[in-house]
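Below: one structure, written as structure tokens.
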Amino acid sequence: MEGIVGYGAYIPRNRIKVEEIAKVWGADAPSYKKGLMLEEKSVPSPDQDVITMSVEAGRYAVKRAGVDPKEIGAIYIGSESHPYAVKPSGTVVAEALGATPDIHCADYEFACKAGSEGMFVCFGLVRAGLIKYGMGIGADTSQGAPGDALEYSASAGAAAFLFGNDGVIATVDATHSYMTDTPDFWRREYQNYPRHGGRFTGEPAYFKHTLGAARAILEKTGLTAKDFRWATFHQPNGKFPLRAGKILGFDKEQLEQGWLVPRLGNTYSGASPIGLTAILDVAEPGERILMVSYGSGAGSDAFVFTVTERIKEVQDLAPKTRDQLDNNKRYLEYGEYAKFRGKIRKIEE
Amino acid sequence: MLTPSKYWRESPQRYRLEAAKCTKCGKVFFPPRLVCDSCKNGEFEKTTLPDEGKIVSYSMIHVTASNFSDEAPIALGIIELDNGTKITAQVTDCTEDELAVGVPVKLEFRKVQEAGESGVLCYGYKAVLKR
Ligand SMILES: [Zn+2]
């Protein structure tokens, strides 16, 4: 049975608190903290980007899988912050993992669901027997315009999943994708920051697609919320995934482990995939997991996984997600954050 | 500044820490070389360096080359890896007061330099403190 054979997450150590951002723009920090359930977010260092975080997450996934990287037949990195406009991030990542040259590679884009697209295609290629192993990565170093609501949440992180059919730690029992043309969030060519439809990003966008994909996969499999130990949803803020979970019948205990956004921020393509890594870090054999991504534009990919016995052998082989989230943090002031993110620039010498 | 061709030639070392091990006396060279300086043997096998070690010396560079001036001051360290091989690497994500001889480090994949606004992006290893 095909499924995940290895996984890994990478979270940069820098953080900025919601209060620190709100102070600069004269905004009301408590309203962000209560309204959106955000406390702080991760920030990449100037020498970190989608490629570097993907390499680290990918290395952890290979370590957990214990496979020869030369056997990886495909690598797909989903992101909306690929460092190059032309030259796939996957070329550098595959080379760094030692997976070249017999490998298929493409970068994916679909706002925040680009990572789950890579996972979806890798699983399909493995099931079709075209490749032995395939790596799907979701990673972003997304930016919100200074002072925009997105600036409080847009953060950085990566998650990598290696799919295969021997040494599986979580089988893929079902998938379902759900997509329509919905202009809730976009970024035009040559623009540094995205635009969004404000309140329009809720009901007709996030909830319609997240719930649409989730309900369809539950119907397909004949399962209900009670049949799952864990669930993780795309998490653009703290509130949306909890509400989506509640509507579907999941309780807090099922959602909490993969709900990282209050202290991680929204890692865009990394969001529900990193949530899944946090769940796999603690999951027990036999437990069922629901993951539903969401990408503006708009669509959702849903997966049902069942954890196998082998999970216990791999959990400790690489750094765990919540350890990276909780430990070794460095808090930035807004000025340093703005410099790190290229929001302010020194004059050319 | 690194040219795309020089950067590309060095990528096995920069990306994957590939070193050459003398097939006769076992000495490890990083970067690889053509002749072993201890036994004059000319045959090597590929080996991968461990990605953990400790700082054996370091220096803070306050006046950097112009393409690194945004990052100043930069910590440059000599790292003794767990197999005894010594390499020079930037120590990133740290402040000067966190650095000391003997501090354990791990090598991470980072962006090493950007060739201006439109040039190639160069990646490789840097050391981060193990905490
Ligand atoms: Zn020799």
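The values are calculated or read from the model by the stated rules, or taken from the named source; none is laboratory data. Everything quoted here is computed from the prediction, not taken from an experiment. Quick reminder, even Gly has a Cβ in these numbers, built from the backbone with ideal geometry, and neighbours come from all protein chains shown. Calculation scope for accessible area: heavy atoms of the full protein, side chains included, ligands and nucleic acids excluded. Shrake-Rupley method; radii C 1.70, N 1.55, O 1.52, S 1.80 Å.
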Based on this model, can you work out whether A:Gly115 counts as assigned by TED's automatic domain parsing to the domain that holds A:Gly164 and at pLDDT below 95? no
Per the list (1) closer than 26 Å to A:Arg341 by Cα; (2) outside any strand (DSSP E or B), residue check on A:Cys122 breaks on (1)
- Right, B:Ser66: among the small types (Gly, Ala, Ser) and modelled with pLDDT of 95 or more or not? no
Only one of A:Trp230, A:Trp259 is more than 22 Å from A:Phe120 (Cβ to Cβ) and in contact with a helix residue (DSSP H, G or I) (Cβ under 9 Å, 6 or more places away or on another chain), namely A:Trp259
Residue hits (region A:298-315; open to solvent by 10 Å² or more (accessible area, probe 1.4 Å) and under 30 Å from A:Ala216 (Cα atoms)) are A:Thr306, A:Thr308, A:Glu309, A:Arg310
Residues of region A:29-57 being in a loop (DSSP other than H, G, I, E, B), within 13 Å of chain B (Cβ to nearest Cβ) and among the acidic types (Asp, Glu), in sequence order, are A:Asp47, A:Asp49
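Being of a type outside the set (A, V, I, L, M, F, W, C) and either free of Cβ contacts under 8 Å to residues at least 24 places away in the same chain or under 17 Å from A:His176 (Cα atoms) (or both) is the filter here, so list the residues in region A:119-146 that pass it.
Kept after step one, since they are of a type outside the set (A, V, I, L, M, F, W, C), are these residues of region A:119-146: A:124, A:127, A:129, A:132-134, A:136, A:138, A:140-144, A:146.
Those that are of a type outside the set (A, V, I, L, M, F, W, C) and either free of Cβ contacts under 8 Å to residues at least 24 places away in the same chain or under 17 Å from A:His176 (Cα atoms) (or both): A:Gly124, A:Arg127, A:Gly129, A:Gly136.
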All conditions in (1) free of Cβ contacts under 8 Å to residues at least 24 places away in the same chain; (2) closer than 17 Å to A:Ile4 by Cβ; (3) among the aromatic types (Phe, Trp, Tyr) are true of A:Tyr84 except (2)
task: Inspect region A:186-207 for any residue being modelled with pLDDT of 95 or more and surrounded by fewer than 17 Cβ atoms within 10 Å (Cβ to Cβ) and give the result as yes or no.
output: yes
Within region B:87-121, the residues that are of a type in the set (A, V, I, L, M, F, W, C) and facing another protein chain (nearest Cβ under 10 Å) are B:Cys94, B:Phe109, B:Val112, B:Val120, B:Leu121
> Mind checking whether some residue in region A:50-63 is at pLDDT 95 or above, open to solvent by 10 Å² or more (accessible area, probe 1.4 Å) and within 17 Å of the chain's Cα centre (by Cα)?
Replying inline: yes
How many residues of region B:1-25 are hydrophobic (A, V, I, L, M, F, W, C), more than 16 Å from B:Ala89 (Cα to Cα) and within 16 Å of the ligand (Cβ to nearest atom)? The answer is 3
In region B:38-72, anything within 22 Å of A:Gly342 (Cα to Cα), more than 20 Å from the chain's Cα centre (by Cα) and aromatic (Phe, Trp, Tyr) is listed as none
Considering residues that are polar (S, T, N, Q), away from chain B (no Cβ under 12 Å) and surrounded by fewer than 16 Cβ atoms within 10 Å (Cβ to Cβ), the number found within region A:316-349 is 0
Residues in region B:69-86 that are within 11 Å of chain A (Cβ to nearest Cβ) and surrounded by 15 or more Cβ atoms within 10 Å (Cβ to Cβ) total 2
- Can we say B:Asp70 is away from the ligand (no atom under 16 Å from the Cβ) and closer than 30 Å to A:Glu348 by Cβ? yes
Listed by range, strands (runs of 3 or more DSSP E) wholly within region A:136-245 having at least 2 residues that are over 23 Å from A:Ser79 (Cα atoms) are A:170-182
In region A:138-153, residues that are out of contact with any Phe, Trp or Tyr (no Cβ under 7 Å at 6 or more places or on another chain) and open to solvent by less than 10 Å² (accessible area, probe 1.4 Å) total 4
From the option list B:Arg9, B:Arg16, single residue qualifying as at negative phi, modelled with pLDDT under 95 and outside the structural domain of B:Glu114 (by TED's automatic domain parsing) is B:Arg9
Of the residues in region B:26-52 that are in contact with a Lys or Arg (Cβ under 8 Å, 6 or more places away or on another chain) and away from the ligand (no atom under 14 Å from the Cβ), the one that is nearest to B:Val103 (Cα to Cα) is B:Glu52
Of those in region A:64-97 that are among the hydroxyl-bearing types (Ser, Thr, Tyr) and assigned to a loop (DSSP other than H, G, I, E, B), the residue surrounded by the most Cβ atoms within 10 Å (Cβ to Cβ) is A:Ser79
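Evaluate region B:87-100: report whether one residue or more is farther than 24 Å from A:Pro44 by Cα, open to solvent by less than 60 Å² (accessible area, probe 1.4 Å) and either in the same structural domain as B:Val128 (by TED's automatic domain parsing) or within 15 Å of the ligand (Cβ to nearest atom) (or both). Please lay out each step first, then the result.
The initial filter retains those residues of region B:87-100 that are farther than 24 Å from A:Pro44 by Cα, namely B:87, B:100.
Then drop every residue that is not open to solvent by less than 60 Å² (accessible area, probe 1.4 Å), which leaves B:87, B:100.
From the residues that got through so far, the ones that are either in the same structural domain as B:Val128 (by TED's automatic domain parsing) or within 15 Å of the ligand (Cβ to nearest atom) (or both) too are B:87, B:100.
Scanning region B:87-100, I find at least one residue that is farther than 24 Å from A:Pro44 by Cα, open to solvent by less than 60 Å² (accessible area, probe 1.4 Å) and either in the same structural domain as B:Val128 (by TED's automatic domain parsing) or within 15 Å of the ligand (Cβ to nearest atom) (or both), so the answer is yes.
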Note on region A:58-90: residues more than 24 Å from A:Gly295 (Cα to Cα), within 14 Å of another protein chain (Cβ to nearest Cβ) and not hydrophobic (A, V, I, L, M, F, W, C) are A:Arg59, A:Tyr60, A:Lys63, A:Asp68, A:Pro69, A:Lys70
